[in-house]
Amino acid sequence: MSIQKVRAHISQNEALLFERSSPGKRGYQLPGLDVPPVDPAAALGAENVRVEIEGFPEVSEVEAIRHFTRLSTWNYAIDYGMYPLGSCTMKYNPRVNELVARTEGLAWAHPYQPEALSQGAMEVMARLEAALLEITGMDAVTLQPAAGAHGELTGILLVRACLEKRGNPRKKILIPDSAHGTNPATAAIAGYAVENIRSSERGTLDLAALEQAVTEEVAALMVTNPNTLGVFEENIARVSELLHRKGAMLYMDGANMNALVGITRPGDFGVDVMHLNLHKTFSTPHGGGGPGGGPVAVKKVLEPFLPVPRLKRAGKKWTWNYKRPDSIGRVRAFYGNFGVLVRALAYILAHGGEGLRNATLDAVLNANYLRKKLEPYFDLPYPLPNMHEVVFSDDRQSRRGVRTGDIAKRLIDYGFHPYTVSFPLIVHGALMIEPTETEGKLELDQFADALVSIAAEVESDPDLVKSAPHSTRTSRVDEVTAARRPVVRWKPASTGSQAAG
Amino acid sequence: MRYLPKSDAERRQMLEACGVASAEELFSHLPDEVRLKRPLDLPAGISEYEIVQYFRDCGAASAAGYTGFLGAGVYAHYRPVLVDTVVSRGEYLTSYTPYQAEISQGTLTTIFEFQSMICQLTGMDVANASMYDGSTAVPEAAMMAARATGRGGVLVARSVHPEYREVLATYARYQGMPLAEFGYHPETGALDLEDLERQINDLTAAVIIQSPNFFGVVDQVRAAAEIAHRRGALLIVVFTEAVSLGILEPSAAADIVAGELQSFAISPSYGGPFAGIIATREKFIRQMPGRLVGETKDSRGNRAFCLTLSTREQHIRREKATSNICTNQALIALMATVFMTVYGKQGLRELAEQNLAKAHYLAGKLPLRFSGPFFNEFVARVEDPDGLNKALLKKKIIGGLPLGRFYPELKDAMLLCATEMAPRKEMDVLAEVFSSAGVPSRLVFS
């Protein structure tokens, strides 16, 4: 099989800014000062005034744009092609969302400007709140958390505050072994001990094990649904009843909500509190690692504890309500990642109710299509019906000494970003593939062909796969040395840094 | 739908390959009782044109066209055109966290440059790849100090941004972290060092101060550091106005710097998304939360960058991680990186000097509440801050932040900010309205 999607292209070298810098170069011009200048030493005290910013770059405007443009070409991106990172949900980012987030009256709105002059921004938030409630089937939502993990923390603090109010915050959070790492980290920061729950042989929640584990000490179970295998937890409603019987709550990690929108609602299957990742389900750009948005939706029982302030309707106006005695307090200054909220609402408006449901259908169809095409070549350790993602293992390939990480690197040579490697932990050598709804048939076919071709290479020439990627400007990176002797900032004449090659 | 790229014919082929007649069948394993049996109650999808129109209408119902003198953690600075040019490139906008180093060198290199520039600005040895914002960087820094010292208590100055302190209180409460506040000097607006001396003890893990503080006063970092260090606590210095770093001596005495970069070409955007940072000394690197990029080599010996020290992080360490943070603010940090590049060493200094000049021009016309040195924000005395702001609104000016909301003892004061964007004409108008205040508002404004 030949590599169809890519061929070589000029790739420019580029030095670090500090290496490009020379004194006196400038990329800015300030307007003339229309007030008298002030002597810094006189105004601030000489001891408070710095001499210079040592080492800070000085480059021209042309050099600045070339610098960032050249560097950009060293990245892969959704705009180049499929980005099948399971659980991360890399879907197309509509550009109109970028435009509307820059609408002057919204982008330049100061959080402390009068409410009377903030009605447009507040309307955006109110409308998004209403849409998220309809989509999740929950009773109330806060838009304050800055990302999914921040939403998790907020959600668990809500549980804690509610249980405290009932007299006992309890001690433990139960977390399935298939969960994202943020779940246990969150529980720990919220002051809870973590008890890991083994998944059943089918890869789903083990009801019997759970029945044992749910005691009066348990505050909540954190569950991802569909789980990280892409499998819907069919017993979810019973799990919820079981928890509620013991006075515990059901937390849902909404990372995979994009498999459920329009089909089923967490609020209808017994979830008490959940977060959403706006950059997963609602298409806000990942931007190389953020910003995100992590709204937290709750049932009525948790509503009094939501962070302050809360949006409130007062006659014909929106207002911020700070008078909420049971609130956990703030989890972030101001009102949330507003610019991200604008983008999420724009996405919801573009799709509409039916469109959102169709997106779910296509996401699940795409994952099932890939499963069908790849099942003959890769082991599927948990062969249950899958939803928006599918998780294979490298069992067959590892017999030839090739691991999931190697296959992932070889995919790069075929013009694709790797899938999620070695997660979830319950699958040995996982290949976690999530195509999302925004891939067309051609891209999916090319992706499947690439993996089939790599599977053949594993048999014929395993070293070719193990030493991949071969076509990138940067070959395999030595991460071990990076961690052993961390060099995390540029210094003049340090570390043998030379113009990037 | 325009974001779904398949034709019906392609869908049919794919369904056939899956052996089902419709996509609905792929959901047939879901228990019937959990299925939503009605369409979502949301309006039908709309066109791009209508979306733009909707948000334009929302934007019109706002403060567009007003001149503002609000600071208080969110500052109006000019945004160089290059910033949006760069962050609009799909390679930055639509890429994921750079776990796959071979095809993420663009993002990794810019983060490395970001970390380096933050170190240069703050005088610290290491800086992470960003936090959600300044307010959440503060509790993360406090938890870091608790790990580093093996102590639990935190003392925070009342002159730290009130909303940052509220966020800190939320985290501290559920961490079982004893949190207390110490005061500011009623005349200078700087730290009340005697109060700090009184309250610090051998269980204090961190003393948290802000400079310039919430009142705009350049605070006594060295003196606070001396007191903290004498009692074995770490000093955390917070900043909300990053442009001040262009002119102020960095807080070299600090152990951790936690700050907000909104001033570096990040739109006010009704409070977010912004980008926070944590910078610290080399010896605390393994206690840091969040992502870090390090320099290394690829297998051909070329310089390369990768995410590093990830054994601190949640995806490896799970409940023993230094933080639960995962996604940070990468694209926003890139905005700040481009801003720092465009202004550079000289430009950031000049920009800071302009801010200094503007704020001092305005302050020169107003009665000041505090005597401490200030950068581009200060507190003015006014009998009726709300009444004054109402009068200013009639002149299309958004005045300052009335401080009574956060400090009951400062009911007769407002926090004002003048950046390089503050026009002299509006500053003069504001001063005129100010000079007629003090008279009962109904006589003046009716």
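Exactly one residue out of A:Ala450, A:Ala468 is outside any loop (DSSP other than H, G, I, E, B) and either charged (D, E, K, R) or in contact (Cβ under 8 Å) with a residue 12 or more places away in the chain (or both), and it is A:Ala450.
Among the residues making up segment B:266-286, those that are buried (at least 24 other Cβ atoms within 10 Å of the Cβ), more than 10 Å from every other protein chain (Cβ to nearest Cβ) and not polar (S, T, N, Q) are B:Ile277, B:Ile278. Within segment B:67-79, restricting attention to residues that are at negative phi and within 7 Å of another protein chain (Cβ to nearest Cβ), the residue that is surrounded by the most Cβ atoms within 10 Å (Cβ to Cβ) is B:Val74.
So is B:Ile227 in contact with a strand residue (DSSP E or B) (Cβ under 6 Å, 6 or more places away or on another chain), more than 14 Å from chain A (Cβ to nearest Cβ) and of a type in the set (Val, Ile, Thr) or not? It is false that B:Ile227 is in contact with a strand residue (DSSP E or B) (Cβ under 6 Å, 6 or more places away or on another chain), more than 14 Å from chain A (Cβ to nearest Cβ) and of a type in the set (Val, Ile, Thr).
Among the residues making up segment B:342-391, those that are in a loop (DSSP other than H, G, I, E, B) and within 30 Å of A:Pro57 (Cβ to Cβ) are B:Pro373, B:Phe375, B:Asn376.
State whether one or more residues within segment B:38-54 are under 30 Å from A:Pro114 (Cβ atoms), touching a residue at least 60 places away in the same chain (Cβ under 8 Å) and surrounded by fewer than 18 Cβ atoms within 10 Å (Cβ to Cβ). There is no residue in segment B:38-54 that is under 30 Å from A:Pro114 (Cβ atoms), touching a residue at least 60 places away in the same chain (Cβ under 8 Å) and surrounded by fewer than 18 Cβ atoms within 10 Å (Cβ to Cβ). Checking each residue in segment B:159-180 for being outside any helix (DSSP H, G or I) and either buried (at least 18 other Cβ atoms within 10 Å of the Cβ) or out of contact with any strand residue (DSSP E or B) (no Cβ under 8 Å at 6 or more places or on another chain) (or both) picks out B:Ser159, B:Val160, B:His161, B:Gly176, B:Met177, B:Leu179.
Residues in segment A:293-304 that are buried (at least 24 other Cβ atoms within 10 Å of the Cβ) and farther than 15 Å from A:Leu345 by Cβ: 4 in all. Of the strands (runs of 3 or more DSSP E) lying entirely inside segment B:231-330, those containing at least 2 residues that are within 30 Å of A:Pro469 (Cβ to Cβ) and touching a residue at least 12 places away in the same chain (Cβ under 8 Å) are B:293-297, B:303-307.
Of the numbered criteria (1) touching a helix residue (DSSP H, G or I) at 6+ places or on another chain (Cβ under 8 Å); (2) more than 7 Å from chain A (Cβ to nearest Cβ), the one B:Arg318 fails is (2).
Residue-wise test of (1) crowded, with 16+ Cβ neighbours inside 10 Å; (2) in the same structural domain as A:Tyr419 (by TED's automatic domain parsing); (3) part of a loop (DSSP other than H, G, I, E, B).
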position: A:Gly27; (1), (2), (3): yes, no, yes
position: A:Gly32; (1), (2), (3): no, no, yes
position: A:Ile65; (1), (2), (3): yes, no, no
position: A:Phe68; (1), (2), (3): yes, no, no
position: A:Ser87; (1), (2), (3): yes, no, yes
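The requirement of being within 7 Å of another protein chain (Cβ to nearest Cβ), in a loop (DSSP other than H, G, I, E, B) and either touching a Cys at 6+ places or on another chain (Cβ under 8 Å) or not polar (S, T, N, Q) (or both) is not satisfied by B:Val52. For A:Val38, the conditions (1) more than 8 Å from chain B (Cβ to nearest Cβ); (2) modelled with pLDDT of 95 or more all hold with the exception of (1). Would you point out the residue of segment A:181-213, among those that are part of a helix (DSSP H, G or I) and touching a Lys or Arg at 6+ places or on another chain (Cβ under 7 Å), that is surrounded by the fewest Cβ atoms within 10 Å (Cβ to Cβ)? In this case the residue turns out to be A:Leu207.
Of B:Ser299, B:Ser371, which residue is of a type in the set (Ser, Thr, Tyr) and within 7 Å of chain A (Cβ to nearest Cβ)? Full working, then the answer.
Details: B:Ser371 fails: within 7 Å of chain A (Cβ to nearest Cβ).
Testing whether each residue is of a type in the set (Ser, Thr, Tyr) and within 7 Å of chain A (Cβ to nearest Cβ) leaves just B:Ser299.
Note on segment A:25-35: residues that are at the interface with chain B (Cβ under 8 Å from one of its Cβ atoms) and either among the β-branched types (Val, Ile, Thr) or over 24 Å from B:Gly216 (Cβ atoms) (or both) amount to 5. With respect to (1) of a type outside the set (D, E, K, R); (2) touching a residue at least 40 places away in the same chain (Cβ under 8 Å); (3) surrounded by fewer than 23 Cβ atoms within 10 Å (Cβ to Cβ); (4) touching a helix residue (DSSP H, G or I) at 6+ places or on another chain (Cβ under 8 Å), the lone exception for B:Gln199 is condition (4). Within segment A:451-464, not a single residue is more than 10 Å from every other protein chain (Cβ to nearest Cβ), surrounded by 24 or more Cβ atoms within 10 Å (Cβ to Cβ) and not aliphatic (A, V, I, L, M).
The values are calculated or read from the model by the stated rules, or taken from the named source; none is laboratory data. Note that the coordinates shown come from a computational prediction; the quantities given were computed from them, not determined experimentally. As a convention, Cβ positions derive from the backbone with ideal geometry for all residues, glycine included, and neighbour counts pool all protein chains shown.
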